[in-house]
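Each remark here refers to the structure printed beneath this line.
Readers should treat all values here as calculations from the given coordinates under stated rules, not as data from a laboratory. Worth saying up front: this structure is predicted, and the values here are computed from it rather than measured. Cβ coordinates were reconstructed from backbone atoms using ideal geometry, including for glycine residues, and neighbour counts include every protein chain displayed.
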Amino acid sequence: MKTSQLTIKGQVTLPKEVRERFRLRPGDRVSFEPEPDGIKVRPVRRTILDWAGTLQSPSPRLSDEAMRERVRIIRAQRGAAIAKAQPKNGPNLSRNGLKKGPGNGQ
């Protein structure tokens with residue numbers, strides 16, 4: 001059994017073996033539950049609800065209309081990039097995938 005001494009401020013240091021076994025780190029919370037024969041100390045595990053509101057958007061919230069406009073602009077830019085990458089006359093292939101032109105029997 002591991003023991004620890006109560007400080008003047010009412011603090012207790014959990015022994016290293018206990019912290020490691022229960023994966024407790026600085027800042028973690030523990031609960032103290034009175035029992036008829038003593039005190040039960042338990043780690044308080046965080047849930048997803050504890051993280052609510054901690055993440056912030058890098059930019060201010062956009063209205064639906066502003067978001068639609070951004071999507072329209074991005075789609076137009078991607079379409080222009082695709083069109084620029086393709087030859088102006090389109091691919092010069094026949095239906096069977098062979099190049100059209102002299103020497104191919106066409």
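The table below lists the values:
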read-out	value
Where labels lie 7 Å past Cα in the beta-carbon direction, separation of residue 30 and residue 80 in nm	6.2
Segment 33-77 - convex hull of the alpha-carbon atoms, volume per residue in Å³	121
Shape category assigned to segment 1-63 from the gyration tensor of Cα positions, a/c cut at 1.5	prolate
17 Å Cα-Cα reach of residue 16 towards aspartates and glutamates, excluding residues that sit fewer than 8 places from it in its own chain	28
Table column - 3J(HN,Hα) (Hz), segment 63-79, Karplus curve with 6.51, -1.76, 1.60, x for Gly and Pro	6, 4, 5, 5, 5, 4, 5, 4, 4, 4, 5, 5, 4, 5, 5, 5, x
Candidate aspartates and glutamates for bridging to residue 2, where Cα separation is under 19 Å - those fewer than 8 sequence places away on the same chain excluded	17, 20, 33, 35, 37
